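Here the structure is laid out as structure tokens; the discussion comes afterwards.
The values are calculated or read from the model by the stated rules, or taken from the named source; none is laboratory data. Only a predicted model underlies this, so the values are computations on that prediction, with no experimental measurement involved. For neighbour counting, all protein chains shown are included, and Cβ atoms are generated from backbone atoms with ideal geometry for every residue, glycine included.
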């Protein structure tokens, strides 16, 4: 099997999805909006922890996360304007060290971004099957930005000694999920939705600062 086949859904899986039926547009955008709300909230909590001196992020990392949070908020706004209704606005932090151990935080952030990329890859595939070309384009646009966030998080994780290698270490992003619902289930399994950890609520602490972020929705 070549690299592209290994990294993307096969033609057979696409045809199986067509035969078995996709998630609805509403289900897809509701889950996506929930994930974006979670991202905005978690980044807000991390930035607040850094401001309190509890999470050792340097100024460059803080600036990068501020911009990433603004982008996630823009994604949330576009999705909700399209009719998305988040499934929850309250989330949980499964491990309190996530907001005090910079290596753990950055490594977790990389993994979360990989899940978001895969979720939007699945969303784009489903939108194509459903004949929703504009939504497929939107999913690809958002997924591309999530890939930028992954590389940025990897850069700082490598800098902190939590990961090794280079920030841009993949030729093809991984298609981890066959549906967007699988991505939501992964967040639940990791304890970020409906878990037993500390509750955090959207949008999290602090103002969302879009300074330096372009192509924001009007």
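Odds and ends about this structure:
- Odd one out for residue 18, checked against (1) modelled with pLDDT of 95 or more; (2) more than 13 Å from the chain's Cα centre (by Cα): (1)
Listed here are the residues, each with its yes/no results for (1) touching a residue at least 12 places away in the same chain (Cβ under 8 Å); (2) assigned to a helix (DSSP H, G or I); (3) closer than 30 Å to residue 130 by Cβ.
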{"residue": "168", "(1), (2), (3)": "yes, no, no"}
{"residue": "177", "(1), (2), (3)": "yes, no, yes"}
{"residue": "185", "(1), (2), (3)": "no, yes, yes"}
{"residue": "188", "(1), (2), (3)": "no, yes, yes"}
{"residue": "191", "(1), (2), (3)": "yes, no, no"}
{"residue": "196", "(1), (2), (3)": "yes, no, no"}
{"residue": "207", "(1), (2), (3)": "no, no, no"}
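- Among the criteria (1) modelled with pLDDT of 95 or more; (2) surrounded by fewer than 21 Cβ atoms within 10 Å (Cβ to Cβ), the one residue 34 does not fulfil is (2).
- When the residues of segment 139-161 are filtered to those that are out of contact with any helix residue (DSSP H, G or I) (no Cβ under 6 Å at 6 or more places or on another chain) and in a helix (DSSP H, G or I), the one that is surrounded by the fewest Cβ atoms within 10 Å (Cβ to Cβ) is 144.
- Of the candidates 49, 68, the single residue that is part of a helix (DSSP H, G or I), touching a helix residue (DSSP H, G or I) at 6+ places or on another chain (Cβ under 9 Å) and under 18 Å from residue 149 (Cα atoms) is 68.
- The set of residues in segment 80-138 being buried (at least 19 other Cβ atoms within 10 Å of the Cβ), assigned to a helix (DSSP H, G or I) and touching a strand residue (DSSP E or B) at 6+ places or on another chain (Cβ under 8 Å) consists of 99 alone.
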